[in-house]
Amino acid sequence: MRGVRSLTGRSARSRHGRFLAEGPQAVREAVAGGAALELYATAEAAQRYPEVLAGAATTGGPRTWLVTDEVLAAMTDTVTPQGLVAVCPTTTSTLDDVLAARPRLVAVLDRVRDPGNAGTVLRAADAAGADAVVLTEGSVDPFNPKCVRSTAGSLFHLPVVAGVPLADAVTALRRAGSTVLAADGEGDLDLDDLADAAARGVVDGVDLRRPTAWVFGNEAAGLDAAGRGLADAVVRVPLHGRAESLNLATAAVVCLYASARAHRRPA
């Protein structure tokens with residue numbers, strides 16, 4: 001138990017190949033997906049979430065300990081822990097694994113450094129039915145505790161690829177048949193126009209009904225000129241009100257759902 005707290009730090013996660021999932025939703029999904037190696041629960045949490053403990057008690061489930069509130073609080077970096085912590089292996093997919101499954105929708109995060117934003121986009125990608133999330137070099141560690149909490153368990157639902165150079169990711173996704181679209185407020189194409197056209201055809205060579213990889217840039221700087229230049233097209237989310245811009249996570253939700261809807265239109 002003594003080493004669990006160290007997994008809140010990136011160096012320890014890298015050294016031990018493990019990370020922490022905290023809270024009922026993340027722990028529930030970790031246990032259900034067979035990703036939990038160890039489970040720690042307070043007595044109150046064990047009573048409140050009996051299905052999590054029952055799932056852990058199955059053959060091959062994680063080793064489980066009941067601990068005091070004080071011990072569990074010492075394991076995490078949250079101000080108000082929710083009584084459940086799981087230790088999980090830091091296993092990521094490779095880009096080759098993702099492409100072998102012939103993905104139709106992929107979210108690519110380029111130099112996204114805020115763990116809350118990255119986790120929220122990962123959760124949105126899961127909800128939209130995306131096939132994978134790719135984090136490029138310079139992006140946040142997807143196993144950062146805040147990032148894991150922000151995914152609300154979605155981290156255990158779809159492949160996550162980390163540390164890939166953007167140019168390599170774009171080249172591989174395009175070679176596999178995906179249209180690569182960069183989301184940027186100054187884009188030449190309007191997402192509403194693309195979404196409207198998905199019912200009947202193509203706008204400037206872009207068809208949202210095709211397999212698509214969306215590239216989202218850094219929270220503050222967005223995509224640089226080189227990143228935009230790698231894409232097949234640069235798309236803006238239209239602003240119909242007086243807001244100056246959308247934040248990264250909100251823009252990602254809009255873009256991913258536009259593709260998801262286009263993919264589900266009758267042929």
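From largest accessible area down, sort Trp65, Trp214; use a 1.4 Å probe on the protein chains.
I get Trp65, Trp214, largest accessible area first.
Can you tally the net charge around Leu7? Count Lys and Arg as +1, Asp and Glu as -1, for every other residue whose Cβ sits under 9 Å from the Cβ of Leu7.
For residues surrounding Leu7, the net value is +3.
Just the Kirkwood number for the stretch 46-139, please: inverse of mean 1/r across all distinct Cα pairs, in Å, one decimal.
16.5 Å
Determine the dipole magnitude for the chain: charges of +1 sit on the beta-carbon of Lys and Arg, -1 on that of Asp and Glu, nothing else is charged, the reference point is the Cα centre, and the result goes in debye to the nearest 20.
Dipole about the Cα centre, nearest 20: 620 debye.
Can you grab the distance from the C-alpha centre of the stretch 199-215 to the C-alpha centre of the stretch 34-72, Å, no decimals?
A separation of 45 Å, based on Cα centres.
Taking just the alpha-carbon atoms of the chain, what radius of gyration and Dmax come out, in angstrom?
Every Cα atom of the chain included, Rg and Dmax give 19.8, 61 Å.
To the nearest 0.05, how large is the calculated FRET efficiency for Thr58 and Asp196 if R₀ is 45 Å and r is the Cβ-Cβ distance?
Calculated value: 0.40.
Please determine, in degrees from 0 to 90 and to the nearest 10, the orientation of helix 115-127 with respect to the longest principal axis defined by the Cα atoms of the chain, where the helix direction is its Cα long axis.
Tilt relative to the chain: about 70 degrees.
Which value, in Å² and to the nearest 10, is the accessible area of Glu51 when all protein chains are kept and the probe is 1.4 Å?
Surface open to solvent at Glu51 totals about 90 Å².
In Å and from the alpha-carbon atoms only, list the Rg and Dmax of the stretch 162-248.
13.3, 39
Using only the alpha-carbon atoms of the stretch 75-124 as identical scatterers, what base-10 log of I(q)/I(0) does the Debye formula give at q = 0.13, 0.15, 0.32 Å⁻¹?
Ignoring solvent entirely, the Cα scatterers give -0.53, -0.68, -1.19.
Taking 7 Å along the Cα-to-C-beta vector as the label spot, tell me the Ala225-Ala74 distance in nanometres, rounded to one decimal.
The two pseudo-label positions are separated by 5.6 nm.
Can you work out the base-10 log of I(q)/I(0) for the stretch 208-267 at q = 0.23, 0.30 1/Å, using the Debye formula on its C-alpha atoms alone?
So the normalised log intensities work out to -1.08, -1.35.
Check which residues have an amide H placed less than 5 Å from Thr212's amide H, if you skip close sequence neighbours.
Counting only residues 5 or more places away or on other chains, the set is Leu105, Val106, Thr179.
What does the charge add up to near Val112, with Lys and Arg as +1, Asp and Glu as -1, over the other residues with Cβ less than 15 Å from its Cβ?
-3
Compute the signed sum of charges (Lys and Arg +1, Asp and Glu -1) over the other residues within less than 15 Å, Cβ to Cβ, of Val27.
Once positives and negatives cancel, what remains is 0.
If I fit a long axis through the Cα atoms of helix 166-175 and take the longest principal axis of the Cα atoms of the chain, what angle between them do I get, 0 to 90°, rounded to 10?
Long axis of 166-175 versus the principal axis of the chain: about 70 degrees.
Shape call for the stretch 1-79 from the C-alpha gyration tensor, a ≥ b ≥ c root eigenvalues: rounded (a/c under 1.5), prolate (a/b greater than b/c) or oblate?
It comes out oblate by the Cα gyration axes.
The values are calculated or read from the model by the stated rules, or taken from the named source; none is laboratory data. Predicted model only: the values in this text are computed from it and were never measured. Cβ: placed from backbone, ideal geometry, glycine included. Neighbour counts: every protein chain shown. For the accessible areas, the whole protein counts, side chains as well, though only heavy atoms, and no ligand, DNA or RNA atoms are used. Shrake-Rupley method; radii C 1.70, N 1.55, O 1.52, S 1.80 Å.
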